[in-house]
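Structure first, commentary second.
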Amino acid sequence: MIYILPLLSVFAGYIISLFLKPSSSTGFQLLLSFSGAYLLSVTVFELLPEVYSSGSSEIGIFIMLGLLLQIILEFVSKGVEHGHMHHNDNTGTFPVLLLVSLSLHALLEGFPINHSGHLLHGVVIHKIPVAAILAVFLIRSKISKIKVVLFLTIFGLMTPLGSWLQKNLEVLNQYSVYINAMVIGIFLHVSTTILFESAKNHTFNASKLAIVILGILLAYFI
């Protein structure tokens, strides 16, 4: 399931994009908020204690490096990872740099999934709205449907690839605590941006507040 669910979530997002308008759908925005709250909670409840239990004094440095890396990646992706929808003036050009940026993000988030079923759920939930927004962006960029599917397939395979590499490459196991710390930084940036930027005028309404609380409680009790 570690290898199948992330890929299926990307294609679920693609199917959703064919029927909904992610930028204006209230239910879609609530799903995005839920995913951000769940992802943030799993990061705080599970990943942070795990990496700090290693006793390394350099964990904080790698967390900040991960956060900085995500900021750099978003210069290319324009914030697709946390639900930003932006206009595209391309006329059929395959967005290679966008694919590289999103693939690196997805590859890294696959590393800690082997050790946390809760994190797998959080990543899967997060990928659905992100993939839907990405699919809409790609379709509007006027590239062919085959290229859209190719882009989403590569993106969808990156997280399972990260999980496979972490499990099978001994050298990555030796540095897993530092890689996971970087992933924490990535998750902290993405999830908090979702929570505080996805609402109009940066305000919470009752529905969003309820769904955020639900995401936190599920991450804690399940």
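The values are calculated or read from the model by the stated rules, or taken from the named source; none is laboratory data. Just so it is clear, the model here is predicted, and its values are computed rather than measured. For neighbour counting, all protein chains shown are included, and Cβ atoms are generated from backbone atoms with ideal geometry for every residue, glycine included. Just the protein is used for accessible areas: all its heavy atoms, side chains included, with ligands, DNA and RNA removed. Shrake-Rupley method; radii C 1.70, N 1.55, O 1.52, S 1.80 Å.
Odds and ends about this structure:
- Just one residue in the set 187, 196 is open to solvent by 40 Å² or more (accessible area, probe 1.4 Å), farther than 17 Å from residue 5 by Cβ and either assigned to a helix (DSSP H, G or I) or among the β-branched types (Val, Ile, Thr) (or both); that residue is 196.
- Pairs with Cβ under 8 Å, 6+ apart, first in the stretch 57-73 and assigned to a helix (DSSP H, G or I), second open to solvent by 40 Å² or more (accessible area, probe 1.4 Å) and of a type in the set (Ser, Thr, Tyr): 59/52; 59/178; 62/178
- Of all residues in the stretch 148-177, those that are among the hydroxyl-bearing types (Ser, Thr, Tyr) and open to solvent by 60 Å² or more (accessible area, probe 1.4 Å) total 1.
- Of all residues in the stretch 81-97, exactly one satisfies the criterion of being under 18 Å from residue 188 (Cβ atoms) and at pLDDT 65 or above, namely 81.
- Test for residue 107: is it modelled with pLDDT of 85 or more and either closer than 25 Å to residue 214 by Cβ or buried (at least 17 other Cβ atoms within 10 Å of the Cβ) (or both): yes
- Qualifying residue in the stretch 120-141 (condition: in contact with a Gly (Cβ under 9 Å, 6 or more places away or on another chain), farther than 28 Å from residue 59 by Cα and not in a helix (DSSP H, G or I)): yes
- With respect to being part of a helix (DSSP H, G or I), of a type in the set (A, V, I, L, M), farther than 18 Å from residue 111 by Cβ and open to solvent by less than 80 Å² (accessible area, probe 1.4 Å), residue 210 fits the description.
- Residues satisfying the stated conditions in the stretch 119-141, i.e. open to solvent by less than 40 Å² (accessible area, probe 1.4 Å) and of a type outside the set (A, V, I, L, M, F, W, C): 122, 126, 127, 129, 141
- Comparison of 144, 57, 53, 116 shows that the only residue that is surrounded by fewer than 21 Cβ atoms within 10 Å (Cβ to Cβ) and either within 14 Å of the chain's Cα centre (by Cα) or farther than 30 Å from residue 174 by Cβ (or both) is 144.
- Tabulated pairs, the stretch 6-30, first farther than 15 Å from residue 126 by Cα and modelled with pLDDT under 90, second among the hydrophobic types (A, V, I, L, M, F, W, C) and not in a helix (DSSP H, G or I), C-beta under 7 angstrom, 6+ apart or interchain: 23/85
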